[in-house]
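The values are calculated or read from the model by the stated rules, or taken from the named source; none is laboratory data. Since the structure is predicted, the reported quantities are computational estimates derived from the model, not experimental observations. In this analysis, Cβ positions are derived from the backbone assuming ideal geometry, glycine residues included, and neighbour counts consider all displayed protein chains.
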Amino acid sequence: MGHDVHVFASAEDYEERPALADCLIVDLRLPGLNGFELRERLRLRGSSIPIVFITGDGGPSPGDSAAHADMPSLAKPFNDIDLIAAIARAVAAGPGIQ
């Protein structure tokens, strides 16, 4: 797709050394800050980088409730085609969260 890829060990790692990005791919469940918490912190800083959430359990945590019901996520395992489509949708939608 022509994107440079940067891998971060955690949400905190990304916050310490953020990279310019067309899109973030963020796991919903992470040690430390979870994906929703990272999204909120980025939003509070004025970031509008599109985010594709990925999850190993098919959806948001029970504690994440209806406030995140509109947040689409890509369930693991996923294939290249599904990931490429999710990234393309997020980038095409522009600033915001996908």
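Structure notes:
- Restricting attention to segment 34-57, the residues that are free of Cβ contacts under 8 Å to residues at least 24 places away in the same chain and either of a type in the set (A, V, I, L, M, F, W, C) or closer than 17 Å to A86 by Cα (or both) total 2.
- 2 or more residues surrounded by 12 or more Cβ atoms within 10 Å (Cβ to Cβ) and either modelled with pLDDT under 90 or of a type in the set (A, V, I, L, M, F, W, C) (or both): qualifying helices (runs of 4 or more DSSP H) within the chain: 35-44, 80-93
- Answer from D22, D57 - the residue that is among the acidic types (D, E) and in contact with a Leu (Cβ under 9 Å, 6 or more places away or on another chain): D57
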